[in-house]
Structures are given as C-alpha cells and as structure tokens.
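Peer 1: This is the structure, below, for whatever I ask next.
The values are calculated or read from the model by the stated rules, or taken from the named source; none is laboratory data. Values in this document were obtained by computation on a predicted structure and should not be read as measured data. Cβ placement follows ideal geometry from the backbone for every residue including glycine, while neighbour counts extend to all protein chains displayed.
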Amino acid sequence: MTPNIKPRERAAILASLRAGVVPRIGLQHLQVGRLEEVKAVLTDLDQIAQGGAAVRVVVGRFGAGKSFFLNLCRMAALKKRLVVAQADLTLSDPRPALAW
C-alpha cells in the first residue's frame, strides 16, 4: 500500500533533496531502517510528555544520517506538542595551527 503524500510535503521533500539538505517535513516517507533507534526515541518522548526526562547523544561520521534522524525526532516531538531545542556541536582541531 502506497501512503498518500500531500502535494506540499512532496514539493518540500523534493526541493530539499535537490538542495542537498534534510527536509523539514515529510521525513516519515523517507526513513528506512533504524527501527530500534526510532522506538527508543519515541519511548523517551512519551516519558518526557508525562513529566520525565531523557538525554541522548547522536554521534557518527559525516553522511551517516545524524541530521536526518534528529529532524525525524524533532518532528515526532513537535507532534506530541513538546518544545524542541536544537544545537549542532562541532569539535575543532585541538592541535595548534602551525606558523610558518
């Protein structure tokens, strides 16, 4: 069975993919695999919605799908009417720059 994709979602998804960025909406139509990770985050969100707390750190190599996964989590949290904050942390090179 093919899910119905709203024209607005389809247009946003295609425009984002053409630009090489993660779409802001319609991610559920693109997510493949990562079932256990998605279940874990949804469990965390249910716990948070009931007044609990949870922390997760997502790490991985460039292109591993971190931004995609985090945007999917963000979308799920917003659907549950939770407040979402997002931050990207990048490690800088700890070695001092060479002066020539």
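Peer 1: Residue check: is K6 modelled with pLDDT of 85 or more, farther than 14 Å from L72 by Cβ and of a type outside the set (D, E)? Don't jump to the end; show me each part of the working.
Peer 2: On the way: modelled with pLDDT of 85 or more: yes; farther than 14 Å from L72 by Cβ: yes; of a type outside the set (D, E): yes.
Taking the combined requirement at face value, the residue satisfies it.
Peer 1: Among residues belonging to region 43-72 that are in contact with a helix residue (DSSP H, G or I) (Cβ under 6 Å, 6 or more places away or on another chain) and at pLDDT 90 or above, point out the one that is nearest to V22 (Cα to Cα).
Peer 2: This residue is L45.
Peer 1: For region 32-83, which residues satisfy the criterion of being outside any helix (DSSP H, G or I) and either in contact with a His (Cβ under 8 Å, 6 or more places away or on another chain) or surrounded by 11 or more Cβ atoms within 10 Å (Cβ to Cβ) (or both)?
Peer 2: First, pick out the residues of region 32-83 that are outside any helix (DSSP H, G or I): 32-34, 50-65, 80-83.
The answer is R34, A54, V58, A64, G65, K80, L82.
Peer 1: For region 26-74, name all the residues that are within 17 Å of A85 (Cα to Cα) and touching a residue at least 40 places away in the same chain (Cβ under 8 Å).
Peer 2: Once the filter is applied, which keeps residues that are within 17 Å of A85 (Cα to Cα) and touching a residue at least 40 places away in the same chain (Cβ under 8 Å), region 26-74 yields S67, F68, N71, L72.
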